[in-house]
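The values are calculated or read from the model by the stated rules, or taken from the named source; none is laboratory data. All values reported here derive from a predicted model rather than from experimental measurement. Please note: Cβ atoms are built from the backbone with ideal geometry, for glycine as well, and neighbour counts cover all protein chains shown.
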């Protein structure tokens, strides 16, 4: 008997599709954090139903798009994702984003709902507070190299070799600064009505950046609020809880 091999990952613009599905029942788009890439979700596809197509999204200047210019504004980033992802929203789909990725997922949900396009069935927001008024209130990047490295080390999620190897730090520091400035200057107009799309929020019990109260503050943004779902850990709690998160996402979208 000849062993069958899985098809190779498909890379299409910002999307890495590790397990292409010919006629997927649903597409799940996963958005990474500031300074990160699609590798945040490496291996997650195995935890979801076989007829789902899991799409890992890179922002320009990150991951497989490392050679492209960074996008400096939130509106520019969302515009880019709208153009790139719309051809893949021809069937039921959902969003999940972590930290900066949660902001992208939320704004995409808001825009796709507002322009009459097919909205996502569900949006998951991880380790991210909502915008306050018309400006997001996340931490701005510290000005000095030492403070920026210390802040990244304290939140976790950045490999120590990136912080401690001069050549790697020179490569990645501009990406961190760009993304954290983008997040810190994020503006959002939620509109007069809550979203009809379910918003589920997730976080770590020991996150020093985003509290459970921050997560609960998303409730007015939707008619169907779920959470907060808390897991033991800090800002990057999801590294230790990927199977549990995938199971909860699957249950929510299968209900």
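A compact table of results
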| item | result |
| --- | --- |
| Test: residue 82 is out of contact with any helix residue (DSSP H, G or I) (no Cβ under 6 Å at 6 or more places or on another chain) and either part of a loop (DSSP other than H, G, I, E, B) or over 24 Å from residue 113 (Cβ atoms) (or both) | no |
| Tally of residues being surrounded by fewer than 21 Cβ atoms within 10 Å (Cβ to Cβ) and under 15 Å from the mean Cα position of the chain (by Cα) across region 79-106 | 3 |
| Which listed residue, of 113, 139, is touching a strand residue (DSSP E or B) at 6+ places or on another chain (Cβ under 8 Å), modelled with pLDDT under 95 and either over 25 Å from residue 231 (Cα atoms) or surrounded by fewer than 17 Cβ atoms within 10 Å (Cβ to Cβ) (or both) | 113 |
| All strands (runs of 3 or more DSSP E) inside region 1-44 with 2 or more residues being at pLDDT below 95 | 10-12 |
| Verdict on residue 121 being at pLDDT 85 or above, at negative phi, in a loop (DSSP other than H, G, I, E, B) and surrounded by fewer than 20 Cβ atoms within 10 Å (Cβ to Cβ) | yes |
| Selected residue (only one of 212, 240, 255, 244 is without any contact (Cβ under 8 Å) to a residue 60 or more places away in the chain and in contact with a strand residue (DSSP E or B) (Cβ under 6 Å, 6 or more places away or on another chain)) | 212 |
| Verdict on residue 57 being touching a strand residue (DSSP E or B) at 6+ places or on another chain (Cβ under 8 Å) and within 18 Å of residue 125 (Cα to Cα) | yes |
| Test: residue 191 is out of contact with any strand residue (DSSP E or B) (no Cβ under 9 Å at 6 or more places or on another chain), surrounded by fewer than 12 Cβ atoms within 10 Å (Cβ to Cβ), under 30 Å from residue 87 (Cα atoms) and at pLDDT below 95 | yes |
| Qualifying residue in region 220-229 (condition: modelled with pLDDT under 95, in contact with a strand residue (DSSP E or B) (Cβ under 9 Å, 6 or more places away or on another chain), on the phi > 0 side of the Ramachandran plot and outside any helix (DSSP H, G or I)) | yes |
| Some residue of region 158-171 being within 22 Å of the chain's Cα centre (by Cα), modelled with pLDDT of 90 or more, in a helix (DSSP H, G or I) and closer than 18 Å to residue 130 by Cβ | no |
| Cross-chain or 6+ apart pairs with Cβ under 7 Å, region 164-176 first and farther than 20 Å from residue 72 by Cα, then crowded, with 16+ Cβ neighbours inside 10 Å | 168/162 |
| Residue check for residue 75: part of a loop (DSSP other than H, G, I, E, B), modelled with pLDDT under 95 and out of contact with any helix residue (DSSP H, G or I) (no Cβ under 7 Å at 6 or more places or on another chain) | no |
| Where residue 111 falls short, out of the listed (1) out of contact with any helix residue (DSSP H, G or I) (no Cβ under 7 Å at 6 or more places or on another chain); (2) without any contact (Cβ under 8 Å) to a residue 60 or more places away in the chain; (3) in a helix (DSSP H, G or I) | (1) |
